[in-house]
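The values are calculated or read from the model by the stated rules, or taken from the named source; none is laboratory data. Please read all numbers here as calculations on a predicted model, not as lab measurements. With ideal geometry, Cβ positions are generated from the backbone for all residues, glycine too; neighbour counts draw on all protein chains shown. SASA here: full protein model, heavy atoms, side chains in, ligands and nucleic acids out. Shrake-Rupley method; radii C 1.70, N 1.55, O 1.52, S 1.80 Å.
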Amino acid sequence: MSNRSMKPESLMMSYGYKPELSEGAIKCPIFLTSTFVFKSAEEGKAFFELAYGKREKLPGEEMGLIYSRINNPDLEILENRLRLWDQADDCAVFESGMSAISTVLLEFLKPGDLLLFSSPTYGGTDHFINHFLPKIGVHTLGFTSDMSEEELYETIHNSDHAGRLTHVHLETPANPTNALIDIEMVRRVVDRFKTEEKVTIAVDNTYMGPLWQHPLKHGADLVMYSATKYIGGHSDLIAGAVLGNAELMVRVKTLRTFLGNMASPHTGWMLLRSLETLKIRMEAMQANAIQVANFLKDHEKVAQIKYLGLIEEGTRNYQIYKNQCSGPGAMVSFCINGGEKEAFKFLNSLKLVKLAVSLGGTESLAEHPKSMTHAGVDDDHLEHIGVTDALVRLSIGVENYEDLIWDISQALDQVAIPTSELV
Ligand SMILES: *Cc1c(COP(=O)(O)O)cnc(C)c1O
């Protein structure tokens with residue numbers, strides 16, 4: 001078996017777990033323990049030397065278990081399995097997607113530095129960037145997906161802090177509009193700004209999940225997830241993850257040790273279970289989403305559909321999509337004919353699809369970004385990034401697609417055609 005390089009889905013049930021260390025149990029138990037017994041004082045000393053980077057690993061040496069804020073078997077096995085999807089050197093799991101994202105921002109930025117970020121971005125990230133980072137003296141500069149390579153260069157160049165550009169936060173596809181950012185293009189642009197260290201690019205890959213987009217292959221240094229979404233996949237936990245090369249991940253893991261925001265062993269164990277079905281869940285959701293999107297695109301009550309599977313061929317967006325993603329995913333947004341009143345009527349009329357925020361779970365969910373997930377984004381900015389009164393976001397689950405289409409169809413039937421169109 002070791003000679004063959006197996007696909008991640010074949011390894012999700014066994015990789016990194018040694019049954020002989022757990023009474024032969026086929027499944028990894030939950031290691032609900034805060035601390036671990038050392039065989040000898042010498043062993044304890046050796047473990048700490050490694051943990052604190054006081055010496056290099058000996059050949060074949062594995063990091064010993066010390067204390068669950070530093071390491072725990074459930075988290076280590078989970079991290080080793082998550083690495084397989086993105087083919088990353090290392091992974092760190094966190095107690096939430098926001099703690100993964102904020103830890104990366106805090107590690108790679110210091111007062112006076114400039115952060116470049118794509119917009120729209122998840123509401124919580126938007127708040128952290130626009131309302132927390134300025135308090136510690138970090139400068140921030142947003143850009144949108146419609147900017148060309150030269151416009152992006154000029155925007156950074158003309159900002160007051162171009163010489164201090166150190167870190168980039170990207171979210172692509174973006175929540176809630178599926179806007180795409182060309183990661184390779186951003187890499188080229190930021191590399192034109194010479195600073196002491198290489199500019200790091202971190203990509204929030206939550207919206208697409210770990211199957212169909214691998215930012216590390218397109219010039220990103222770090223990839224981040226809200227594991228609450230597709231990775232967890234059952235709407236029953238909150239967690240996050242960061243992946244990247246060994247050198248950068250030492251920095252992420254060290255800050256995690258001192259912030260103490262790692263996931264709990266119980267959450268780690270739940271995520272191990274979720275990973276076993278990650279691929280089949282996501283494939284079922286995507287197949288359903290394609291059906292739902294095709295139904296919506298020609299519906300008279302739908303003004304515009306934002307789904308990666310329906311991007312017009314020949315456009316710049318289509319090129320980015322083809323280069324960066326290997327599937328359209330399961331997030332479908334659309335603008336209803338009308339505004340908030342019509343959107344709310346639709347949401348209130350759904351029977352099978354539940355009205356809730358979050359995404360990536362087995363059940364289909366619907367929400368109104370402008371008044372819910374993105375309520376914290378500045379009003380004058382919302383229109384520019386396409387978050388309007390008419391926008392509805394759907395996270396498509398694993399239900400029968402004909403039932404989903406029936407539900408969406410009957411809810412659209414409840415929506416009156418706006419009076420302005422009845423002339
Ligand atoms: C949900 C979400 C987050 C935040 O994750 P939590 O697990 O809720 O902290 C970050 N980014 C995106 C794109 C998300 O959808």
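Shown here is the pair-distance distribution of the chain: with all Cα-Cα distances grouped in 20 Å bins from zero up to the longest one, the shares run 25, 54, 19, 1, 0 percent. Measuring with a 1.4 angstrom probe and ignoring ligands and nucleic acids, Thr140 comes out at about 50 Å² accessible. Spacing of the modelled spin labels on Lys217 and Ser148, each 7 Å from Cα toward Cβ, amounts to 2.9 nm.
With every protein chain kept in the model, how would you rank Lys57, Lys194 by accessible area, 1.4 Å probe, largest at the top? Write out the running numbers ahead of the final one.
Values: Lys57 125, Lys194 185 Å².
Most to least solvent-accessible, the answer reads Lys194, Lys57.
Hey, any idea what % of segment 68-275's accessible area is carbon plus sulfur with a 1.4 Å probe?
On the way: 3640 of 7090 Å².
Roughly 51 percent, rounded to a whole number.
How much length is gained if the chain between Asp413 and Glu276 is pulled fully straight, taking 0.36 nm per residue apart and subtracting their Cα-Cα distance, in nm to one decimal?
Values: separation 137, 0.36 × 137 = 49.32 nm, distance 3.88 nm.
Computed gain between Asp413 and Glu276 is 45.4 nm.
When the chain is described by a simple charge dipole with +1 on each Lys and Arg Cβ and -1 on each Asp and Glu Cβ, the residue from Tyr52, Thr121, Phe334 located farthest towards its positive end is Tyr52.
Counting other C-beta atoms within 10 Å, and keeping those with at most 10, which DSSP coil GluC sites (Glu not before Pro) do you find in segment 22-54? Display every interim value, and only then the final one.
Working: sites: Glu23, Glu42, Glu43, Glu49; in loops: Glu23.
Here the sparse-neighbourhood loop sites are Glu23.
Pairs with C-alpha atoms separated by more than 31 Å, drawn from the list Lys217/Lys354; Lys253/Lys279; Lys45/Lys194; Lys297/Lys354; Lys297/Lys322, are Lys217/Lys354; Lys45/Lys194. In loop segments of segment 326-423 as defined by DSSP, the trypsin sites (Lys or Arg not before Pro) with at most 13 further C-beta atoms inside 10 Å of their C-beta are Lys351. In this simple spin-label approximation, Phe258 and Lys297 carry label points 7 Å from Cα along the Cα→Cβ vector, and these lie 5.1 nm apart. List residues of segment 193-215, by number, whose backbone nitrogen lies under 12 Å from a label position 7 Å along Cα→C-beta of Tyr15. What the label zone holds, given the 12 Å backbone N cut-off, is 211. Classify segment 278-415 as rounded, prolate or oblate, taking a ≥ b ≥ c as the square roots of the eigenvalues of its Cα gyration tensor: rounded when a/c is under 1.5, otherwise prolate if a/b is larger than b/c and oblate if not. Verdict is rounded for segment 278-415.
Toward the positive end of the charge dipole of segment 68-275, with +1 on the Cβ of Lys and Arg and -1 on the Cβ of Asp and Glu, the farthest Cα among Leu141, Asn175, Ile77 is that of Ile77.
Taking only Cα atoms, what is the 0 to 90° angle, nearest 10, from helix 97-108's long axis to the longest principal axis of the chain? Approximately 70 degrees, to the nearest 10. The C-alpha atoms of the chain define a longest principal axis, and helix 278-297 lies at about 10 degrees to it.
Each other residue within a Cβ distance under 15 Å of Asn130 adds +1 if Lys or Arg and -1 if Asp or Glu, for a net charge of -4. Here the simple spin-label model places points 7 Å from the Cα toward Cβ, and for Glu363 and Lys57 these points are separated by 4.2 nm. Ligands, DNA and RNA left out, the accessible area of segment 2-66 computed with a 1.4 Å probe is 58% carbon and sulfur. Subtracting the Cα-Cα distance of Glu283 and Phe38 from 0.36 nm times their residue separation leaves 83.8 nm of extension gain. Helix 73-86 and the longest principal axis of the C-alpha atoms of the chain enclose an angle of approximately 50°. Placing +1 on the Cβ of every Lys and Arg and -1 on the Cβ of every Asp and Glu, with nothing else charged, gives segment 3-75 a dipole about its Cα centre of roughly 160 debye.
A full extension of the chain between Leu352 and His234 corresponds to an added length of 40.9 nm, given 0.36 nm per residue minus the alpha carbon distance.
Kindly report the accessible area of the chain per residue (heavy atoms of protein chains, probe 1.4 Å, no ligands, DNA or RNA), in Å². Could the numbers behind the result be given before it?
Details: 19270 Å² over 423 residues.
Normalised by residue count, the accessible surface of the chain is 46 Å².
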